[in-house]
Amino acid sequence: MLAFLHKTLPRQTFLRIFKTFANEFQAHLWEWMITAHRFSAPGGLLFARDMYAFWEVCSSVVSAPEQYMKRLHDAVVLLSLPSSVNAVPSEGEITLASVTKRLRDTDENDIPKITELKDWLADNLSVKTLSLAEVLYMFVPVLT
């Protein structure tokens, strides 16, 4: 369908339609998948694999389609972090446990610490769109 619209419509019209689709798709997945379920580590990896495959298909008609779904992309990055359950992470490796520990150790009223954590997420994982509350909501019940 996207390929047909891409070939048939003027570029600007197609991009406007794709942006609308991307926003609606992201909102739907955010509400009905990301916030409605708690992913296990393997489940997060499967979801990430599916999303990367979806973006690969979309990349034939739009360059960097994940950039139209930034919140979803950030969630996929976080959900695909390696689990440290039954494994010893290598030095400096960012794991699900290291992110959840940083989140749990951050007081929601400590603005400098929150800013530092947001910068760390942006620098190390390229997670720039999600608020810390959204990231925390995704991971609090997960025990790694």
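The values are calculated or read from the model by the stated rules, or taken from the named source; none is laboratory data. Source: prediction; values computed, not measured. Note that each Cβ is placed from the backbone with ideal geometry, even for glycine, and that neighbours are counted across all protein chains shown. Ligands, DNA and RNA are excluded from the accessible area calculation, which covers all protein heavy atoms including side chains. Shrake-Rupley method; radii C 1.70, N 1.55, O 1.52, S 1.80 Å.
Taking the charge dipole of the chain about its Cα centre, with +1 at Lys and Arg Cβ atoms and -1 at Asp and Glu Cβ atoms, the residue from 46, 29, 109 reaching farthest to the positive side is 29. Given +1 at the Cβ of Lys and Arg, -1 at the Cβ of Asp and Glu and no other charges, the dipole of the chain around its Cα centre is 580 debye to the nearest 20. The distance separating the Cα centre of the stretch 89-108 from that of the stretch 29-48 comes to 19 Å. Annotation: extensible slack from residue 20 through residue 8 equals 2.6 nm (criterion: 0.36 nm per residue apart, minus Cα-Cα distance). Note on residue 60/residue 122: beta-carbon distance plugged into 1/(1 + (r/R0)^6) with R0 of 22 Å gives a FRET efficiency of 0.15. Computed in the context of the full set of protein chains, the accessible area of the chain at 1.4 Å probe radius has 58% of its extent on carbon or sulfur.
In the chain, taking the dipole from charged Cβ atoms about the Cα centre, the farthest positive-side position among 55, 79, 127 is held by 55.
Spin-label model, residue 52 to residue 38: label points 7 Å out along the Cα-to-beta-carbon direction sit 2.6 nm apart. Within the same chain, lysines fewer than 8 places from residue 101 are excluded, and of the rest, those with a Cα less than 17 Å from its Cα are 113, 118.
Rounded, prolate or oblate: pick one for the stretch 1-60, where a ≥ b ≥ c are the square roots of the eigenvalues of its C-alpha gyration tensor, a/c under 1.5 means rounded, and failing that, prolate if a/b is larger than b/c, else oblate. The shape class here is oblate. Computed over Cα pairs, the Kirkwood radius of the chain leads via Stokes-Einstein (0.890 mPa s, 25 °C) to a diffusion coefficient of 148 µm² per second. Using the 1.4 Å probe convention, the accessible area of the chain works out to 60 Å² per residue with neighbouring protein chains retained.
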